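FYI, it's all coordinate maths here, none of it is from the lab. Since the model is a prediction, treat every value here as computed from it, not as a measurement. For neighbour counting, all protein chains shown are included, and Cβ atoms are generated from backbone atoms with ideal geometry for every residue, glycine included.
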Amino acid sequence: MNLLMMNNDLLNQGMELLIRSGFDRDEAASDAWFLLQGLGEDRFLQGVKERTSRRPVAYILGEWDFMGLTFVLDSHVLIPRPDTETLVENAITWTRGHWKREERYSVLDLCTGSGCIAISLWKFLSPEYQIRMTASDLSSQALAIAKENAQKHQADIQLLQGDLFEPAEDKYHMIVSNPPYIASRVISGLDPDVKDYEPMMALDGGEDGLNFYRRIIAEAPGYLEPGGVLMMEIGDEQAADVAQLLRGGPYSGIRILKDLAGHDRVAEATIER
């Protein structure tokens with residue numbers, strides 16, 4: 001039996017195991033393919049068995065792609081998602097429209113998790129721009145993963161531990177964040193892949209999902225340079241509430257940007273000069 005036939009047999013075997021455990025055929029086919037590519041033949045069936053308990057493929061593989069880069073991760077950090085690429089892509093576009101190459105700029109990534117936002121921005125903008133990148137998180141385990149990813153991608157990033165702005169000492173030209181924004185009351189209804197495996201502290205945004213937005217929007221003016229920009233990922237039904245919070249502060253140029261699926265995904269505002 002040649003290698004291709006062996007791989008096809010393994011894929012089919014893995015698919016059938018996933019289908020019997022409740023996965024639809026399309027998801028079973030996709031997951032089996034990712035697991036075989038990532039784990040190889042020797043570890044494939046064990047990976048499939050882990051997946052039957054709804055453990056996410058990304059955690060089984062121990063890595064996942066984001067913005068064309070591969071990031072190490074475990075269950076202490078959120079799995080990077082295409083939705084968040086909208087935030088990174090918008091930040092890149094904003095810098096190229098507002099920053100000058102000969103000047104220095106500072107960026108703060110709040111709730112950095114795996115570091116995928118900060119590292120992606122650094123990789124795509126440096127050395128075109130002179131950037132001092134800082135990333136913070138409350139979780140020491142998340143920061144350990146972010147440090148590993150920064151080393152993997154040779155990204156020069158300062159990592160700080162603390163609650164939102166607590167460890168920050170400087171002002172920044174840009175603050176970005178993908179904060180916890182799921183309302184506490186709906187977490188129990190999420191897919192098992194999410195609620196049973198991804199870190200609760202990175203999901204739970206309080207009773208209405210807006211706790212972190214309230215804090216970030218209220219505190220960011222003290223950490224933004226005049227004319228600096230705040231960008232946050234938002235849930236697709238939170239645009240009106242987040243925009244209203246921004247209108248209550250010293251912000252201008254408030255915008256809501258959509259992701260590729262047409263959902264509201266990023267809130268952007270600049271601090272008044």
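Per the Debye formula with a single identical scatterer at each Cα and no solvent contribution, what log10 I(q)/I(0) holds for the stretch 1-119 at q = 0.10, 0.14, 0.17 Å⁻¹? So the normalised log intensities work out to -0.44, -0.70, -0.87.
Close amide H partners of Ile234, meaning residues 5 or more places away or on another chain with modelled amide H under 5 Å apart, are Val266, Ala267.
Within the listed set Val72, Val186, Val88, the Gaussian network model of the chain (springs between alpha-carbon atoms below 10 Å) gives the highest mean-square fluctuation for Val186. For the stretch 28-41, 3J(HN,Hα) computed residue by residue from phi via the Karplus equation (6.51, -1.76, 1.60; θ = phi - 60°) reads 4, 5, 5, 5, 4, 4, 4, 5, 5, 5, x, 9, x, 5 Hz, glycine and proline entered as x.
Amide hydrogen proximity for Gly228: with H placed 1.01 Å from N in the peptide plane, the residues at 5 or more positions away or on another chain lying under 5 Å are Ile271. Every Cα-Cα pair in the stretch 156-224 was counted, and those over 13 Å apart are 70% of them.
Given the chain, what percent of its DSSP beta bridges are antiparallel, to the nearest 5?
Bridges in the chain are about 40 percent antiparallel.
GNM remark for the chain: springs join alpha carbons under 10 Å apart, and the peak mean-square fluctuation among Ile256, Ile131, Ile19 falls on Ile19. Our summary gives the chain a relative contact order of 14 percent, counting only alpha carbon pairs under 8 angstrom and 6 or more residues apart. The calculated pair-distance distribution of the stretch 101-180 uses every alpha carbon pair, bins of 5 angstrom beginning at 0, and gives 3, 18, 30, 25, 16, 6, 1, 0 percent.
Residues whose amide H comes within less than 5 Å of that of Arg132, counting only those at least five positions distant or on another chain, are Tyr105, Ser106, Val107 (H built at 1.01 Å from N in the peptide plane). Scaling the Cα radius of gyration of the chain by the globular reference 2.2 N^0.38 Å produces a ratio of 1.08. Computed over the Cα atoms of the stretch 173-273, the ratio of the radius of gyration to the Kirkwood radius (Rg/Rh) comes to 1.00.
Couplings for the stretch 192-202, taken from phi via the Karplus curve 6.51 cos²θ - 1.76 cosθ + 1.60 with θ = phi - 60°, read x, 3, 8, 5, 8, 10, 7, x, 4, 5, 9 Hz in order; Gly and Pro are left as x. Remark: the stretch 207-213, residue by residue, has Karplus-estimated 3J(HN,Hα) of 3, 10, x, 10, 3, 6, 5 Hz, where x stands for each Gly or Pro and the curve is 6.51 cos²θ - 1.76 cosθ + 1.60 at θ = phi - 60°. Each Lys or Arg adds one and each Asp or Glu subtracts one; over the other residues with Cβ under 13 Å from the Cβ of Lys195, this totals -2. Using C-alpha pairs under 8 Å with a sequence gap of at least 6, the mean separation divided by the residue count of the stretch 37-146 gives a relative contact order of 23 percent.
What you get for the stretch 3-53, charging only the Cβ of Lys and Arg (+1) and of Asp and Glu (-1), is a dipole of about 100 debye around the Cα centre.
Give me Rg/Rg_expected for the stretch 3-53, where Rg uses Cα atoms only and Rg_expected = 2.2 N^0.38 Å with N residues.
0.98
Ordering Ile157, Ile117 by the number of other Cβ atoms within 10 Å of each residue's own Cβ, fewest first, gives Ile157, Ile117. Considering only Phe212, Phe71, Phe23, the mean-square fluctuation computed in a Gaussian network model of the chain, springs between alpha carbons under 10 angstrom, is largest for Phe23.
Going from the residue with the fewest nearby Cβ atoms within 10 Å to the one with the most, Ser252, Ser120 rank Ser252, Ser120.
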